[in-house]
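To keep things clear, I will list the structure first and then write my remarks on it.
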Amino acid sequence: MTITVYGHSASTFTSAIFHTLKELGLPYEYKQKNSEDIKSPEYIATKHPFGRVPFLDDDGFQIYESRAIARYLTSYYTQPLIKMLSQLILAKSQGKEPDLKIVNENREELDKTLDIYEKLLEGKDYLTGEFSLADLLHIPLTYYAFKAGEGDLWNKRPNVLRIPSHNDDRFQIYESRAIARYLINKYQGTKTSTVLIPSDVHKAALVDQFISVETSDYSPHLSKLFYQLVFKKRHGGEPDLKIINEAREELGKILDVYEKLSKFNFL
Ligand SMILES: N[C@@H](CCC(=O)N[C@@H](CS)C(=O)NCC(=O)O)C(=O)O
């Protein structure tokens with residue numbers, strides 16, 4: 001397993017990846033990239049189409065957007081859990097017999113990962129010391145693991161047992177994207193067959209990547225246009241042409257990159 005991070009030491013986005021890797025205890029190689037490197041046609045064509053850092057290569061799997069990278073790295077925890085639960089919950093709910101080989105292999109994998117977590121969580125209640133998105137992302141799957149009768153994996157480790165999880169009766173959450181993700185994690189596959197976040201770790205990471213692009217590059221400019229052209233007008237205000245033109249210009253640049261990315265019908 002070779003994880004390579006392309007980044008810059010002064011980049012806060014890159015340091016988010018360093019912290020994630022350190023917390024997860026994962027070894028990695030680092031390549032420092034300066035502002036010229038990341039604007040080179042080669043870097044834009046083969047790594048990051050927006051010409052930025054950080055960028056991550058995990059044994060050939062490539063991904064950009066720091067939040068998506070961080071979430072992808074935490075899937076080292078969720079992957080064996082997903083595979084185990086796909087047998088214990090999903091297969092059962094479809095009237096199939098769970099494949100015990102898959103269950104056992106992934107339980108073993110998870111056991112090793114939870115040993116690392118047990119050490120990481122020594123002397124603290126949460127992964128970074130305070131409750132954060134990192135802990136939140138662990139909640140839905142861990143909750144299901146307890147429901148599937150696999151609670152012993154957590155119960156035998158006093159530090160790991162503090163990962164919030166086992167009861168979402170009073171679970172409350174805000175922020176639209178986090179709510180959507182929680183609902184998908186909890187209900188995907190139970191009501192319809194539409195898959196919004198694929199279980200394949202690479203496909204899921206790429207969905208994250210584009211959710212992050214949407215959050216940081218696409219929606220902010222579009223929101224400004226919407227506010228000026230629709231909301232303000234509706235409430236009798238005068239749209240600000242300077243804001244409209246700036247937002248239009250910025251959005252145009254982003255859509256130019258999308259235009260190049262659109263090989264398929266969907267992102
Ligand atoms: N939303 C991106 C932001 C990445 C970003 O803006 N990185 C900066 C360095 S801190 C960069 O590469 N800037 C060069 C540029 O935008 O031209 C992420 O989270 O990865």
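The values are calculated or read from the model by the stated rules, or taken from the named source; none is laboratory data. Bear in mind that the values here come from a model prediction, so they are computed numbers and not experimental data. Positions of Cβ are generated from backbone atoms using ideal geometry, with glycine treated the same way; all protein chains shown enter the neighbour counts.
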Mind checking which residues of the range 88-101 are surrounded by fewer than 16 Cβ atoms within 10 Å (Cβ to Cβ) and part of a helix (DSSP H, G or I)? 92, 93, 100, 101
Between a residue in the range 174-193 that is farther than 15 Å from residue 139 by Cα and modelled with pLDDT of 65 or more and any residue that is of a type in the set (A, V, I, L, M, F, W, C) and surrounded by 11 or more Cβ atoms within 10 Å (Cβ to Cβ), which pairs come within a Cβ distance under 6 Å, given they are 6 or more apart or on different chains? 189/90
With respect to the numbered conditions (1) more than 8 Å from the ligand (Cβ to nearest atom); (2) farther than 30 Å from residue 107 by Cβ; (3) surrounded by 12 or more Cβ atoms within 10 Å (Cβ to Cβ), which one is the sole condition not fulfilled by residue 70? (2)
Quick test of your reading of the structure: residue 184 fulfils all but one of (1) within 20 Å of the chain's Cα centre (by Cα); (2) surrounded by 14 or more Cβ atoms within 10 Å (Cβ to Cβ); (3) not assigned by TED's automatic domain parsing to the domain that holds residue 80. Name the failing condition by number. (3)
Which ones in the range 15-51 are surrounded by fewer than 16 Cβ atoms within 10 Å (Cβ to Cβ) and of a type in the set (D, E, K, R)? 22, 29, 31, 36, 39, 42
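Within the range 51-60, restricting attention to residues that are within 18 Å of residue 27 (Cα to Cα) and either assigned to a helix (DSSP H, G or I) or touching a residue at least 24 places away in the same chain (Cβ under 8 Å) (or both), which residue is farthest from the ligand (Cβ to nearest atom)?
Here the answer is 59.
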Kindly check whether there is at least one residue in the range 197-209 that is under 30 Å from residue 68 (Cα atoms) and of a type in the set (Lys, Arg). yes
Considering every residue within the range 41-50, establish whether at least one is within 15 Å of the ligand (Cβ to nearest atom), within 18 Å of residue 2 (Cα to Cα), without any contact (Cβ under 8 Å) to a residue 40 or more places away in the chain and in contact with a Lys or Arg (Cβ under 8 Å, 6 or more places away or on another chain). no
Residue satisfying condition, being outside any helix (DSSP H, G or I) and of a type in the set (Val, Ile, Thr), within set 69, 17, 63: 63
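Tell me, please, whether a residue that is assigned to a helix (DSSP H, G or I), within 28 Å of residue 3 (Cα to Cα) and in contact (Cβ under 8 Å) with a residue 12 or more places away in the chain can be found in the range 230-244.
No, the range 230-244 contains no residue that is assigned to a helix (DSSP H, G or I), within 28 Å of residue 3 (Cα to Cα) and in contact (Cβ under 8 Å) with a residue 12 or more places away in the chain.
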Residue count, the range 17-40, condition charged (D, E, K, R) and either in contact with a strand residue (DSSP E or B) (Cβ under 9 Å, 6 or more places away or on another chain) or within 10 Å of the ligand (Cβ to nearest atom) (or both), comes to 5
